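Have a look at the structure below, then the notes.
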Amino acid sequence: VTPEGTRTEAFAPELLGSPGFREDYGVRYAYAAGSMFRGISSVELVSRMARARLLAFFGAGGLPLETVEEALIALRRRLGDRHAFGVNLLCNPDRAEREEATVSLLLRHDVRHVEAAGVTRVTPSLVRFRFSGAGRDEAGRAVALRNVIAKVSRLDVAGDLLAPPPAGMVDAMAARGELTPQEAEAARALPVVSDLCAEADSGGHTDRRNPHVLLPEFRRLRDGAMARHGYAKPIRVGCAGGLGTPEAVAAAFVAGADFVVTGSVNQCTPQAGTSDAVKDLLTRLGSEDTTYASSPELFELGAQVQVVRRSTVFAPRANRLHQLYRGHDSLEAIDPRHARVVQESWFGKSFEDVWEETRAHIATNRPHDVERAERNPRHRMALVFGWWFARTSRSAVEGDAAGAAEYQIHCGPALGTFNRHVAGSPLEDWRRRDVDAVADVLMRGAAGVLGERLAQFLVPAVSASRNGGEAGREHD
Ligand SMILES: Cc1cc2nc3c(=O)[nH]c(=O)nc-3n(C[C@H](O)[C@H](O)[C@H](O)COP(=O)(O)O)c2cc1C
């Protein structure tokens, strides 16, 4: 090792992480741009990444299936079969039929890669996606045609995903004709996921887990599963959450990540499917400008999302609505003074009007929800509050100036750190921050950081041994 020669050659960004990841996805870097709901990770974003030979996932969550289908057609038209891309699969125990319909759509369009999120248990839809087209290769090894990267923050869920799907589920699916005999046989010998991503505290939904705890835990679980099940092909373990600087990305690889996934940094790029108003705001953020708020999608479960707190009252209002929900059995039970503030100042509508509008909106797609709300006033309250959450998200994505004070923008501190990292460079302006350029800054930067650190640690050691251990003795 010399201080000059080896740094860049030894630490090319193309060498960071798992070679198997780069090979399976046909990409340059062991890096992925994670899904962002409602098409924020847009057709534009995914195809820009794919053309740069980088992996990205289309944000199918929260979009009508017809819109997802249009996106799949557009992606195929732009990319053909030459460039790999992926799509998000949101697993929500309350919306199993949506998960099932999404998988049918993805298989119809022969999508090869999904990023699964919100997984709480192994579901038949996930198994159907993963093993559709699976079988044996010429050497007789079980092989899958499709990849599933699951983003997980719970150890029990990670353990289930690293194992083959439950035998009873595979048998029942085979009996129903949802898996062919060959697919079922492969399913018994392969893990549910090809890649497991440790989702540490991140923009959007978060369990606020610490990456330094989660990644080693997941790696240990993976090693155990590999030994127990004797899989021929390694399961890769990656890391997401908080990656907005070369240092953070380098740390993930040093800790053993096979790949990294970014999110927040990609929302402030020309390709992201959100408004210029949001991008202007995001570009000014520091790492201290995000906070936690009640989750719109998992409101009744009390889950949280990480969002922008600067220039918007979304977080305090979302949290207040959740307090009201927790403390009352129905809208009618809320203290009239508080109910008036919410209706007049926040919603600009009465609860009654909001409920009528909501009921009309969901009557066709979610009739069971309407029935449930009419039986259960607390569920009705959740749906009425949900109307406001939907408005705050829509205003942000559309850049509606009238709704600017309550924009709901999912984002973690990674973006603030990225903003500071590129300050003074051309990428300070988001209009020049193409999503693949962001990946390059992070991955090339990470390679540079690793080279510098190693030179720092190794060179004194090398000269110490050359000088007969002088430097070593200094530390005695
Ligand atoms: C605006 C936004 C929307 C997101 N929507 C989704 C989503 O629909 N599905 C999903 O799996 N992850 C979603 N995520 C999470 C990202 O894919 C990624 O895992 C996460 O942002 C990584 O953490 P970071 O934000 O700290 O980089 C979203 C993140 C952001 C910032």
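Worth pointing out:
- Full-stretch length increase - Arg372, Asp81 - with 0.36 nm per residue and alpha-carbon distance subtracted: 100.3 nm
- Against the rule of thumb 2.2 N^0.38 Å, how large the Cα Rg of the range 32-80 comes out: 1.03
- Between Ala227 and Asn365, the simple label model (points 7 Å from Cα in the Cβ direction) yields a spacing of 4.7 nm.
- Net charge of neighbours whose Cβ lies under 11 Å from the Cβ of Ser275, counting Lys and Arg as +1 and Asp and Glu as -1: -2
- Overall dimensions of the range 31-114 as given by Cα atoms, namely Rg and Dmax in Å: 11.8, 37
- Divide the volume of the convex hull around the Cα atoms of the chain by the residue count and you get 181 Å³ per residue.
- Ala303/Ala167 FRET efficiency (R0 35 Å; Cβ-Cβ; nearest 0.05): 0.65
- Inverse of mean 1/r across different Cα pairs in the range 139-199, Kirkwood, Å: 12.3
- Working from label points 7 Å from Cα in the Cα-to-Cβ sense, the Asp400 to Glu352 distance is 2.3 nm.
- With the convex hull constructed from alpha-carbon coordinates only, the range 325-418 shows a mean projected area of 7.9 nm² over all directions.
- Within the shell of other residues whose beta carbon sits under 13 angstrom from the beta carbon of Pro93, the net charge comes to -3, with Lys and Arg scored +1 and Asp and Glu -1.
- Kyte-Doolittle at least -0.5, axis length at least 24 Å by Cα - qualifying DSSP helices, the chain: 377-398, 435-466
- Val27 sits among other residues whose Cβ lies under 10 Å from its own Cβ, and their net charge, with Lys and Arg +1 and Asp and Glu -1, is 0.
- Taking amide H as placed 1.01 Å from N in the peptide plane, the amide H of Ala116 sits under 5 Å from that of Leu89, Ile149, Ala150, Lys151, each at least 5 places away or on another chain.
Laboratory data are not the source of any read-out in this text; all were calculated from the coordinates shown. Since this is a predicted model, take the numbers as computed values, not measurements. Glycine also receives a Cβ, built like all others from the backbone with ideal geometry; neighbour counts cover every protein chain displayed.
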